[in-house]
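Colleague: Below you will find the structure I want to go over with you.
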Amino acid sequence: SAVISQKPSRDICQRGTSLTIQCQVDSQVTMMFWYRQQPGQSLTLIATANQGSEATYESGFVIDKFPISRPNLTFSTLTVSNMSPEDSSIYLCSVAPLGQGVQETQYFGPGTRLLVL
Amino acid sequence: QKEVEQNSGPLSVPEGAIASLNCTYSDRGSQSFFWYRQYSGKSPELIMFIYSNGDKEDGRFTAQLNKASQYVSLLIRDSQPSDSATYLCAVNREGAQKLVFGQGTRLTINP
């Protein structure tokens, strides 16, 4: 399985500021996904990060609020912009390894715990 | 109707018994089905995936899929206190490179 790291692991931010979360994988992956998990809730997909093209956003999530970069096959960033307390959540990066569609495996990073005051 | 539904629990099972976790899905075109385990404060960990009707066994875990009934389950035999966690069912929709998650079932194994 892929080894995934995320930075930062947690942060406390002031409202109106922005935070960029990094996701690094130890091997090349085709698909990278960003999820949000609000307290006591399940996972909600924010967007799919595609290497070499624009990210694909889910309903209710927009690029201006959650810009994503995917410069290569092992790295992606998610920015949470103009934060409000409602953005307090765990943000998770997930990957589908090269050669394996999402039908077979998808692995999660350790997550970034964000608290917005 | 939610796309993927699970009983949120909590489900309480005595140690050594079989824990049965259930999941239903609404999209008949769904192709692949996943069970993740999530300990409190941790990220989800893949336990099993299944995409053919029937049973798939891996150690103490058995996944069961019935596409006609749009139903997938996870059985945990010889339940251990370390199995206490939230179990997330996830479904891959046909033609979509992404997963849809249920709300999770919180399982507690009592010693």
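Colleague: State whether one or more residues within segment B:55-70 are buried (at least 16 other Cβ atoms within 10 Å of the Cβ), touching a Cys at 6+ places or on another chain (Cβ under 9 Å) and under 22 Å from B:Glu3 (Cβ atoms).
Modeller: No.
Colleague: Hey, can you tell me all the residues within segment B:9-36 that are of a type in the set (Ser, Thr, Tyr) and either closer than 23 Å to B:Arg77 by Cβ or within 11 Å of chain A (Cβ to nearest Cβ) (or both)?
Modeller: Passing the criteria: B:Ser12, B:Ser20, B:Thr24, B:Ser30, B:Ser32, B:Tyr36.
Colleague: Search segment A:63-86 for residues being hydroxyl-bearing (Ser, Thr, Tyr) and in contact (Cβ under 8 Å) with a residue 60 or more places away in the chain, and hand back the single one that is farthest from A:Tyr35 (Cα to Cα). Talk me through it step by step, then tell me what you get.
Modeller: Keep residues of segment A:63-86 that are hydroxyl-bearing (Ser, Thr, Tyr), which gives A:69, A:74, A:76-77, A:79, A:81, A:84.
When the remaining residues are screened for being in contact (Cβ under 8 Å) with a residue 60 or more places away in the chain, the result is A:79, A:81, A:84.
On the way: A:Thr79: 12, A:Ser81: 16, A:Ser84: 18 Å.
Here the answer is A:Ser84.
Colleague: Then there is this: If you go through segment B:50-82, how many residues are assigned to a strand (DSSP E or B) and of a type in the set (S, T, N, Q)?
Modeller: Summing the residues that are assigned to a strand (DSSP E or B) and of a type in the set (S, T, N, Q) in segment B:50-82 gives 4.
Colleague: Among B:Gln38, B:Gln31, which is among the polar types (S, T, N, Q) and either closer than 20 Å to B:Pro81 by Cα or buried (at least 20 other Cβ atoms within 10 Å of the Cβ) (or both)?
Modeller: One residue alone meets the criteria, B:Gln38.
Colleague: Pull out all pairs, ordered by first then second residue, where Cβ-Cβ is under 7 Å, the residues are six or more apart or on different chains, the first lies in segment B:37-60 and is facing another protein chain (nearest Cβ under 9 Å) and free of Cβ contacts under 8 Å to residues at least 40 places away in the same chain, and the second is of a type in the set (Phe, Trp, Tyr) and buried (at least 16 other Cβ atoms within 10 Å of the Cβ).
Modeller: Close Cβ pairs satisfying both conditions: B:Ser43/A:Phe108; B:Glu45/B:Tyr36; B:Leu46/A:Tyr107; B:Leu46/B:Phe34; B:Leu46/B:Tyr36; B:Phe49/B:Phe33; B:Phe49/B:Phe34; B:Tyr51/B:Phe33.
Colleague: Give the residue that is farthest from the other protein chains (Cβ to nearest Cβ), with candidates limited to residues of segment B:81-111 that are of a type in the set (Gly, Ala, Ser) and more than 16 Å from the chain's Cα centre (by Cα).
Modeller: Here is the first cut: in segment B:81-111, the residues of a type in the set (Gly, Ala, Ser) are B:82, B:84-85, B:90, B:95-96, B:102, B:104.
Filter again for more than 16 Å from the chain's Cα centre (by Cα), leaving B:82, B:95-96.
Numbers: B:Ser82: 19, B:Gly95: 11, B:Ala96: 8 Å.
Restricting to residues being of a type in the set (Gly, Ala, Ser) and more than 16 Å from the chain's Cα centre (by Cα), the top hit is B:Ser82.
Colleague: Shifting gears a bit: Between A:Thr56, A:Thr30, A:Thr20, A:Thr77, which is within 14 Å of chain B (Cβ to nearest Cβ), under 13 Å from the mean Cα position of the chain (by Cα) and of a type in the set (Val, Ile, Thr)?
Modeller: Checking each option against the conditions leaves just A:Thr56.
Colleague: Looking for something more than 14 Å from chain B (Cβ to nearest Cβ) and in a loop (DSSP other than H, G, I, E, B) - is there at least one such residue anywhere in segment A:37-53? Don't jump to the end; show me each part of the working.
Modeller: Of all residues in segment A:37-53, those more than 14 Å from chain B (Cβ to nearest Cβ) come to A:52.
So of that shortlist, the ones also in a loop (DSSP other than H, G, I, E, B) come out as A:52.
Yes - at least one qualifying residue is present in segment A:37-53.
Colleague: Anything in segment B:24-45 that is closer than 18 Å to B:Gln97 by Cα and either of a type in the set (S, T, N, Q) or part of a loop (DSSP other than H, G, I, E, B) (or both)? List them, or say none.
Modeller: Answer for segment B:24-45, where residues must be closer than 18 Å to B:Gln97 by Cα and either of a type in the set (S, T, N, Q) or part of a loop (DSSP other than H, G, I, E, B) (or both): B:Ser26, B:Asp27, B:Arg28, B:Gly29, B:Ser30, B:Gln31, B:Ser32.
Every read-out reported here was derived from the displayed coordinates using simple, explicitly stated rules and does not represent laboratory data. Computed from a predicted structure; not experimentally measured. FYI the Cβ positions are ideal-geometry reconstructions off the backbone, even for glycines, and counts take in every protein chain you see.
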